[in-house]
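Heads up, the thing below is written out as C-alpha cells.
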Amino acid sequence: MNRTLLWALRGVMRLFVRATVVPEDAIQRLRGRARAVLYVLEERNVSDLVALELACMKGGLRRPGKRLKLRTLDLAHSVVALERRAGVLRRRADRRTPRELAQAVAAAAADEALELDIVPVAVYWGRAPQRERSFLRLVFSENWALVGPFRRVLSILVNGRSTLIRFGEARALRSWVAAGPEGARGARRLLRDLRAEFRHMRTDTLGPDLSRRRAIIAQVLRTRAVRQAVRQEIAGSKRSRRDGLRVARRHALEIAANYSHAFVRVAERILDRLLNGMYDGVEVANAEYLDRLPPACEIVYVPCHRSHVDYLLLSYVIYRRGYAVPYVAAGINLNLPVIGRFLRKGGGFFIRRSFRGSGLYPIVFMKYVDVMMNRGHPIEFFIEGGRSRTGRLLRPRTGMLTMTLRSFLRDARRPVAYVPVYFGYDRLLEAETYIDELQGRPKQKETVGGLLRVIPMLRRQQGRVHIGFGEPLLLDGLLDQLQPGWRADAGDENARPAWFGDAVDAVATEIMRRINAAAAVTPVNLLSVALLAAPRQAMVEADLERQLQLYLDLLKQFPYSPDVSVAVADGAAIVRYCEQMGMLERRAHPLGDVLRMVEKNAVLATYYRNNVLHLFALPSLVACAFLNNPAMRHEDIQRLVWRVYPYIRQELFLRWREEELPGVVDGVLAALAAQGLLERVGDGTMWRRPPTGSAEAVRLSVLAQATVQTIERYYLAIALLLRAGRSVLSTDALEQRCVAMAQRMSMLYGLAAPEFFDRAMFRDFIELLRLRGVIRQDGEGRLTFDDALLAVAEDARIVLSEQIRNSILQVTHS
C-alpha cells in the first residue's frame with residue numbers, strides 16, 4: 001500500500017478506533033524480542049492493517065507498514081494477509097499461499113542465519129465488551145460471518161472504539177523450514193498452522209460457530225449411544241422406535257442451551273450496570289492464567305458455588321476478558337418461566353438433580369456434553385453441585401467431572417484444561433436465607449416471585465466481590481502422573497478402565513485444592529476470623545487491630561499460595577471498612593473503645609471465616625500446641641501436627657502433601673517467631689510461648705481458636721467410640737451419636753458454628769480413620785480399634801484444656 005495513503009488513513013481512523021489488546025502483556029512481550037517480526041493478518045483489508053498499525057505505534061513497536069529487509073529477505077511491508085478477495089465483486093476467497101510467506105520460508109531455507117518471528121494477529125470490530133454501550137454497535141459487531149467492504153465501513157464507524165486485537169504467540173519461522181523447491185512444503189505447513197491458529201483465536205474470542213439448536217440436538221440424537229439407549233428403553237413395551245426417539249428429543253430440548261451472540265452482547269451491557277450498581281467493585285485476580293493456556297484446548301471452568309450471582313458474574317468477567325462465554329450447567333430448578341429462556345440464550349443448559357427413573361435421560365445428557373466439548377466450546381459447572389451454606393468447600397460431586405473426563409478419553413486429541421475459580425463476597429444476597437436454613441428451616445424452592453423479592457436487596461450496600469482464577473489443571477498431564485498407560489484405554493466409546501474411578505476422585509480433589517489456593521482475603525473474612533475467636537465476639541479496638549495485622553503479616557511471611565490475593569493493607573483499614581458495612585458496633589469506654597460484632601451477623605460470620613480458614617489452619621494448629629503448654633519440644637510439635645494434619649487436610653482441602661509437612665511446620669514456626677509469638681530456646685530443640693497475660697500470648701491464643709473447634713469435634717468422636725468400647729457401634733450409630741452430642745454441646749456452650757454438628761463432617765472423619773487403619777470393622781460391621789486410637793486421644797489431651805475435655809466427656813457420659 002502507498003505509504004502516503006496509509007499515513008492519511010491512520011490520521012482518519014485515529015478519530016474512530018480505540019482498540020483493546022489481548023493478552024494484556026502481548027505488546028510488552030513483543031517489545032522485548034530481539035528478532036524481527038512478520039505480522040500475519042487473517043484477511044487482507046485496509047481497516048485491519050491500520051488498526052494493527054495504531055496498536056503497534058501506541059505500544060512502541062515497529063510499524064507493520066514498514067519495509068522488512070533481512071539478509072536474503074526483502075519484503076515491502078512487515079505484514080502479510082493470509083486470505084485475499086478475488087473476482088470482479090471481490091466475493092471469492094483466494095486461499096492460495098501468500099507470495100510473501102513463500103518468499104520468507106524460501107529465504108530461511110537458503111540462509112540458516114536468517115531469524116524471523118511469525119506473529120498472527122486477529123482484529124475483531126465490536127468485540128471489546130467493556131466498551132459496548134449501544135444497540136446499534138451490537139448489530140454491527142463481530143461474528144463468524146465474513147463481511148463485505150460496505151458492512152466493514154459501517155462496523156468501523158459504529159464499533160471502531162470497541163475493537164479487540166488479539167495477538168497470537170510469536171514463533172520462529174525456522175520451525176516451518178523444510179527441504180524442497182523454494183521451501184514450498186514448509187510454506188504449506190505454515191499456511192495450514194496459521195489457519196488453525198486463526199480458527200482457535202476466533203473460537204476463544206467469539207465461541208465456536210454453533211449451528212442452530214435443532215441441528216445440535218439432531219447430532220446428539222444420531223449418536224450410537226443414544227440410539228442404543230432408545231432401543232433399551234422401548235424393549236419389552238408396545239412403544240415404537242419413533243416414540244422412543246420422541247422421548248429422547250424431549251430430554252434434549254429440556255437440556256439444551258440456545259446460545260445467542262446478540263443476547264450475550266446485550267446482557268453484558270445490562271450486567272455491567274447491574275453489578276457495578278450492586279457492588280463497590282468486581283476485583284479479578286490471576287486472570288492471566290487464561291492467556292497462558294495451550295492453543296486449541298477445551299476449557300472447563302470449575303468454580304466454587306457461593307451464590308446464584310456466580311452464574312452471571314463469571315460469564316461477565318470472562319466475556320470482558322475477551323474470551324468466549326462458557327456453556328453453564330445449571331440446576332433444573334432455575335428453568336423458570338422467562339428466566340430459563342434468558343439463561344439458555346446466555347449459554348445455560350439444564351441438568352436434573354437426580355438421574356434416577358430414566359435410563360435414557362443420562363445418556364442424552366452425557367452425549368450433549370460430549371458434542372459441546374468436541375465442538376470446542378468452553379463449559380462451566382459447579383463442582384460442589386450446590387451452594388455451600390457453611391462457607392467451606394463441599395465434598396465434590398463428580399457427575400459432570402466424570403462426563404468431561406470420559407469425553408476426553410473418547411477423543412484425546414484436544415487437550416482439556418480445568419480452570420478453578422474462587423468467589424469471595426463481602427456480603428451475600430442469600431445471607432438471610434442461609435441463616436434460616438442453618439437454623440433448621442427447609443430450603444425454599446426457587447420461583448420467579450422469590451427472585452423478584454431480591455430486587456429491593458440490591459439497593460443495600462453489598463461491598464466488593466472478588467474472583468480468583470486458580471492454576472489450570474491440564475488433564476493429560478495429571479493422567480500421566482496417575483496412570484502412565486492411560487492412552488492405551490483412550491478411544492474406546494464404552495471404555496471404563498479399572499483406574500477410572502480413582503482418577504476422577506484424584507482430579508476432583510486436586511481441583512478443590514486449587515480453588516482454595518486462589519482464595520481472595522477480604523476485610524470481612526479477617527474480621528470474622530478474629531472476632532469469632534474472642535469471647536462474646538468483642539475486642540478492644542487496639543487489640544482487634546493488632547490481631548488483624550497479625551493475620552495480614554502471616555499471609556506475607558507464610559504465604560499459603562502465590563495465587564492468594566489480599567484486598568486490605570492494615571488492621572485499622574479493616575476496622576473502618578467493616579464499620580461502614582454495618583458489621584461492627586462501637587461501645588465507647590475511657591480505656592479504649594470496644595468493638596463488637598452485630599448480633600445478627602454472628603452466625604453468618606462463621607460463613608465468611610470458613611471461606612479462608614484453610615489459610616490459617618496450620619499456624620492455628622501450631623498455636624494450639626501452646627494453649628496448655630508454656631514450652632514444647634520441636635519433635636513433639638511436629639508429631640502433634642502430623643497426627644491431626646491428614647484429617648484437617650481432607651476437611652479443608654489443604655495443598656501440602658504429608659511428606660512436605662516437616663518443612664511446612666518449620667516455616668510456620670519461623671513465621672510465628674518473627675511475630676514475637678514464639679521463641680526458640682536452649683539448644684534449639686525447644687519452643688517457648690510469651691509470658692501469660694502479655695499481648696503476644698493473647699494474640700497466640702486467639703490465633704489458636706480458629707482450629708480448636710475442629711479438634712474438639714475429632715475428640716468428641718473418639719471419646720464416644722472409646723466409651724462405647726470395641727465391636728459395639730456401627731458406623732451409622734457412631735455418626736448419629738456424634739451429631740446428637742455435638743448439637744447438645746452447641747446448645748450448652750453457645751457454639752455458633754453450624755458445621756460443628758454437620759453429619760458429613762463426622763462421616764468423613766470416621767471414614768478416614770478407617771482408611772488409615774486407626775479403626776476397622778469386624779465381621780458384623782461394628783467398629784473396633786487398637787492402641788493407635790488411644791494414642792490419638794492422648795495427643796488431644798495435650799492440645800485441649802482440661803476444662804474442654806471435661807465438658808466433652810460430661811456430654812458423652814450423659
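The values are calculated or read from the model by the stated rules, or taken from the named source; none is laboratory data. None of the values given here were measured: they were computed from a predicted structure. With ideal geometry, Cβ positions are generated from the backbone for all residues, glycine too; neighbour counts draw on all protein chains shown. Protein only, heavy atoms only, side chains kept; ligands, DNA and RNA dropped before computing areas. Shrake-Rupley method; radii C 1.70, N 1.55, O 1.52, S 1.80 Å.
Results, tabulated for the structure shown:
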read-out: Proximal lysines to LYS367, defined as alpha-carbon separation beneath 24 angstrom and excluding residues fewer than eight positions away on the same chain; value: LYS345
read-out: Structure-derived percent of Cα pairs over 48 Å apart: which label, when the choices are (i) 31; (ii) 56; (iii) 38; value: (i)
read-out: Computed label-point distance, nm, for sites ASP74 and GLN28 using a 7 Å Cα→Cβ extension; value: 3.9
read-out: Cβ charges +1 (Lys, Arg) and -1 (Asp, Glu), total dipole of region 491-584, debye; value: 240
read-out: Whole-percent carbon and sulfur share, accessible surface of region 689-803, 1.4 Å; value: 49
read-out: DSSP-defined antiparallel bridges as percent of all bridges, the chain, nearest 5; value: 50
read-out: Solvent accessible area, Å² - HIS466, 1.4 Å probe, full protein context; value: 10
read-out: Gain upon complete extension [ASP778, ASP489; 0.36 nm per residue less C-alpha separation]; value: 100.3 nm
read-out: Cross-link reach list, lysines versus LYS69, counting only Cα pairs under 30 Å and skipping chain neighbours closer than eight places; value: LYS58
read-out: Exposure rank, largest accessible area first [ARG10, ARG84, ARG536; 1.4 Å]; value: ARG536, ARG84, ARG10
read-out: Pair ARG231, ARG96: separation of 7 Å Cα→Cβ label points (nm); value: 5.2
read-out: Computed E for ASN628/ALA695 - FRET, C-beta separation, R0 35 angstrom, nearest 0.05; value: 0.95
read-out: R0 of 51 Å, Cβ-Cβ distance ASP243-LEU334: FRET efficiency to nearest 0.05; value: 0.95
read-out: Inter-label distance, nm, simple model (7 Å from Cα along the C-beta direction), ASP683/LEU748; value: 4.6
read-out: Selection from LEU661, LEU206, VAL421 lying farthest towards where the dipole of the chain points positive, charges on Cβ; value: LEU206
read-out: Dipole-positive endmost among GLN709, GLY244, ILE351 within the chain (Cβ charges, Cα centre); value: GLY244
read-out: Candidate lysines - alpha carbon under 25 Å from LYS556, same-chain residues fewer than 8 apart omitted; value: none
